[in-house]
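So the structure is just underneath, and the comments pick up after that.
The values are calculated or read from the model by the stated rules, or taken from the named source; none is laboratory data. Since the structure is predicted, the reported quantities are computational estimates derived from the model, not experimental observations. Don't worry about glycine lacking a Cβ; one is built from the backbone with ideal geometry, like all the others, and counts go over all protein chains shown. Accessible surface areas use protein heavy atoms only, side chains included; no ligands, DNA or RNA. Shrake-Rupley method; radii C 1.70, N 1.55, O 1.52, S 1.80 Å.
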2 protein chains.
Amino acid sequence: MAPQLDAYFKQVDSLAEHFIDRLAKAVAIPSVSAEDERRPDVVRMGYWLADELKSLGADVELRPLGKQPHKEHLDLPPVVVARYGNDKNKRTILVYGHYDVQPALLDDGWATEPFKLTVDDKGRMYGRGSTDDKGPVLGWLNAIEAHKMAGVDFPVNLLCCFEGMEEYGSEGLDDFIKDEAKQYFKDADAVCISDNYWLGTEKPCLTYGLRGCSYYSIEVSGPGQDLHSGVFGGTAHEPMTDLMKIMGGLVGVDGKIAIPGLDKLVAPLTDEEKSLYGDIAFTMDNLYESLGSKTGLFPDKERTLMARWRYPSLSIHGVEGAFSAPGAKTVIPAKVIGKFSIRTVPNMEPEDVDKLVFDYINSEYAKLNSKNTLKVSLQHAGKWWVASPKHWNFTAAGKAVEHVWGVKPDLTREGGSIPVTLTFEQATGKNVLLLPMGSSTDAAHSINEKLDRKNYIEGIKLLGAYLHYVAEEPMKES
Amino acid sequence: MAPQLDAYFKQVDSLAEHFIDRLAKAVAIPSVSAEDERRPDVVRMGYWLADELKSLGADVELRPLGKQPHKEHLDLPPVVVARYGNDKNKRTILVYGHYDVQPALLDDGWATEPFKLTVDDKGRMYGRGSTDDKGPVLGWLNAIEAHKMAGVDFPVNLLCCFEGMEEYGSEGLDDFIKDEAKQYFKDADAVCISDNYWLGTEKPCLTYGLRGCSYYSIEVSGPGQDLHSGVFGGTAHEPMTDLMKIMGGLVGVDGKIAIPGLDKLVAPLTDEEKSLYGDIAFTMDNLYESLGSKTGLFPDKERTLMARWRYPSLSIHGVEGAFSAPGAKTVIPAKVIGKFSIRTVPNMEPEDVDKLVFDYINSEYAKLNSKNTLKVSLQHAGKWWVASPKHWNFTAAGKAVEHVWGVKPDLTREGGSIPVTLTFEQATGKNVLLLPMGSSTDAAHSINEKLDRKNYIEGIKLLGAYLHYVAEEPMKES
Ligand SMILES: [Zn+2]
Ligand SMILES: [Zn+2]
Ligand SMILES: [Zn+2]
Ligand SMILES: [Zn+2]
């Protein structure tokens, strides 16, 4: 029997402006976890979220995670855990989200103030964290509030786990989840995470796979301090020269990773898997629209989707320690740190990837015969993940999507990593569902990040509907 | 007849603390010409300098240079021109310096506040601009003041030209000098610039040659905005990949420039020139001390000096638009701008260098077959310069050095460029002398820039003594 959701949906619609206002308040707190000086804002965001949950009637705890590794002067922001409902006759769903955001500066090229939610006439709500991940996190709170206001019984017990370090490698969270799996989270029947995106802009999806991410630093150092290129150019080994050679050799312009042996770790493509890509609602125009250009590597959707979901990729992110401002500075930087990451897929074991990366870079560097010093290190790693999309957690979500959006969702994988997904699966032993709210054009991690008003409001309906269908699905797993 | 300088020297010694205090006031004004938001500080520095000159009795004018090219919202800082003395029976010496400085942030790794002059127990005076070029500029003012206080007649008419955009390519100054060569500067008999450094730390030098500098940008763009590497890694051409390949190919680890044809432009080494390098007071330990490491390219002083003075070099300075902060950001930057410069030497014509650079980079980029867009451009160029060290301007300075420091100076060239040197020579038709105040360990353009107290105080004596010897030298040029 399909749940009766009309009263809830109507309530969400009438509270829409209130929910947008709540998102504006969250976006206004610049909770950038990667910037030390923003740490008080991250903490403030955690307390604000806890207060909102309390005022909705949830039991809330702010759990400390101790000092930040390698930055012992900094406390990690607390994990906000909450329980809403404690009825033994209901299923218990554990939801995860993060209240920290990527760095953002108006000078980066934002059209609007990044920490001021700005809604345009097409209902696009611009602001850092709007879609990643403050909109989805507040979606759960809004679902609770709309149920209360509409007088509709909340269909499940809800456990929340909202962290403040996701954009900086979720420092400290793994151990916390492992510890709480048999304590605070012990009666969770399934896990739901809303922290990814639709494949395009029109059709919702449920996501059952993620690539992993191994993030590396290559540090090259030589002189005792930065040098004037006029005085020293031509007489000394320059760290930037060495770094450019190493970074320039990591990956081809065609996306092919140069590190020998890496391709051998990738699970072979079966005919069955190959046949699935044709049906996915995705076009090259979707790609070009979200790229904002036609600079795709492949001409067809199948190879593009495979490149995103089931093959590894290597991206070079930047250089720390070199001249990075506009204008001209004739400096020879004394120590430069190149940053790159590899997106990993089944069956690449992170430790195997590390070994191949270190061996390759060290041997390439040795060939250069430089007097400078190279140090390559893993900054953080999150493993890839694949779940069963036939579990009741997924079938319930599929019915909720059909109810709210009037269409069956695509079953997709994702190119990005959400390492905590795997942690939840391994620690709780339960099925984990990724249920995205935003769309492919939301520009998470970029300038002009946004969440469409429609995705937010219908997304709140979807999260509530999902919980109602979860309450009704038969227990049998496939 | 050697000038009688004792009274002047004694006066300089007794005013030493006052002169250091004057330098502290100048360093406290963060006149960073490369940073738009510091422009008011640059202008403030110009006014402060003008006021100091006026209070010493000079006629001073602040000359506007109009709007900054490509940044029409910014006024260029004024040129401070001054005349001290107008006696037809005296020679007239035109001195140049700059009152702007390189960028500096405590976070870059400075041991002390960069804009607070901090003197340690060894008399090292740390602060941005201490040696480049506020110390030398104030040297001229201090020389005037000490003459007045000691009641010693000033031996020449002094013309000053102090600019505020040197560290950003001396925007607007070339035309100004060309215009004023036959006006404000018309009775200049010779030019003296104190804006370079001793070769080592013990022996003063006079400098008669400079390398030029051509500074280039390589812009690679593709996507419409920065992308998330999880979502797009492996499916799109990444500008950083292309840029790293181009930058990685510019120069060898051994310092050899990869751009074909560039070496053909370099004047061949004659036996006579080759024989000069052995006598210069310079050791490999001098190099290692100023490098702060043993990462030199050549094992011997001769090849090291030749590499610095008479061969071109290529340095890669950094990347604008990529991730440059500490930590991890999984971004695919949409547009990245690589910066590098080539130090040029006789007989490299800048236009020929540009053409070889553009042709090489464009053809290397075409080979990559990328869908991204490349744009390579010249940011600014300053030509190399070589003068006659047998001119009376140099012989006078040589005698002054011997009088103050008790040793004959080395005749040196410099690896760095001071493009204005050539402009003065061409515009006035007069001999230009480079008369350094600071030493090789001063770390101009780096963190912990300093000027030794001894170099500052004896340098003030030297500038005054130079003017006395200039007044006595026979007019005959070699
Ligand atoms: Zn996220
Ligand atoms: Zn994120
Ligand atoms: Zn200078
Ligand atoms: Zn300088």
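Could you tell me the center-to-center distance, by alpha carbons, between the stretch A:386-405 and the stretch B:40-99 in angstrom? The stretch A:386-405 and the stretch B:40-99 have Cα centres separated by 74 Å.
Stretching the chain fully between B:ASN362 and B:LEU265 yields a gain of 32.9 nm (0.36 nm per residue, less the alpha carbon separation). For A:LYS264, the aspartates and glutamates whose Cα comes closer than 19 Å to its Cα, not counting residues fewer than 8 places off in the same chain, are A:ASP254, A:GLU273, A:GLU349, A:GLU351, A:ASP352, A:ASP354, A:ASP359. Sorted from shortest to longest, the distances between the A:LYS148 label points of this copy and the other copies are 7.6 nm, with each point 7 Å from Cα along the line through the beta carbon.
How large is the convex hull of the Cα atoms of the stretch A:321-478 per residue, expressed in Å³ as a whole number? Walk me through the numbers before you get to the answer.
On the way: hull volume 25.7 nm³, N = 158.
About 163 Å³ per residue, rounded to a whole number.
Kirkwood Rh over Cα pairs of chain A into Stokes-Einstein at 10 °C, 1.306 mPa s: D in µm²/s? Stokes-Einstein gives a translational diffusion coefficient of 67 µm²/s. Probing with 1.4 Å while keeping every protein chain in the model, the per residue accessible area of the protein assembly as shown equals 37 Å². Radius of gyration (Cα atoms) of the stretch A:371-425, expressed as a multiple of 2.2 N^0.38 Å: 1.84.
Inter-label distance, A:LEU106 to B:LYS71: 1.8 nm, where each label sits 7 Å from its Cα along the C-beta direction.
DSSP bridge analysis restricted to the protein assembly as shown gives an antiparallel fraction near 70%, rounded to the nearest 5. Here is the interface size for A with B: some 7000 Å² of accessible area buried, both sides summed, with a 1.4 Å probe. Report summary: the helix-based calculation at 222 nm, which adds -39500 (n - 2.57) for every DSSP H run with n ≥ 4 and divides by the residues of the protein assembly as shown, gives -10500 deg cm²/dmol.
Sorted shortest first, the distances from the A:GLU113 label point to those of the same residue in the other copies are 3.0 nm; each point sits 7 Å from Cα along Cα-to-Cβ. Solvent-accessible surface, computed for protein heavy atoms with a probe of 1.4 Å, shrinks by 50 Å² or more for the following residues of the stretch A:371-415 when the other protein chains are added to the isolated chain: A:LYS371.
Residue pairs exceeding 21 angstrom between C-alpha atoms, taken from B:LYS274/B:LYS301; A:LYS355/A:LYS430; B:LYS90/B:LYS178; A:LYS274/B:LYS371: A:LYS355/A:LYS430; B:LYS90/B:LYS178; A:LYS274/B:LYS371. A:LEU422 exposes around 20 Å² of accessible area when a 1.4 Å probe is run over every protein chain in place. Only bridges with both residues in chain B count here: give the DSSP antiparallel percent, nearest 5. Counting DSSP beta bridges with both partners in chain B, the antiparallel share is about 70 percent.
For A:LYS390, a cut-off of 14 angstrom between C-alpha atoms picks up these aspartates and glutamates, skipping any fewer than 8 places away in its own chain: A:ASP410, A:GLU473, A:GLU477.
Shape annotation for the stretch A:201-297: C-alpha extents along the principal axes are 62, 33, 22 Å, from largest to smallest.
Projecting label points 7 angstrom from Cα along Cα→Cβ for A:ASP121 and A:LYS274 puts them 5.0 nm apart. What net charge do the residues around B:ALA387 carry, taking every other residue with its C-beta under 11 Å from that of B:ALA387, with Lys and Arg at +1 and Asp and Glu at -1? With Lys, Arg at +1 and Asp, Glu at -1, the net is +2. With a Förster radius of 45 Å applied to the beta-carbon distance between A:LYS10 and B:GLU37, the computed FRET efficiency rounds to 0.30. When a 1.4 Å probe is rolled over the protein heavy atoms, the share of accessible surface on the stretch A:1-105 that falls to carbon and sulfur comes to 52 percent.
When Rg is the radius of gyration of the Cα atoms in the protein assembly as shown and Rh is its Kirkwood radius, what does Rg/Rh come to? For the protein assembly as shown, the value is 1.07. Label-to-label distances for B:GLU35 across copies, nearest first, come out at 1.5 nm, using points 7 Å from Cα in the beta-carbon direction.
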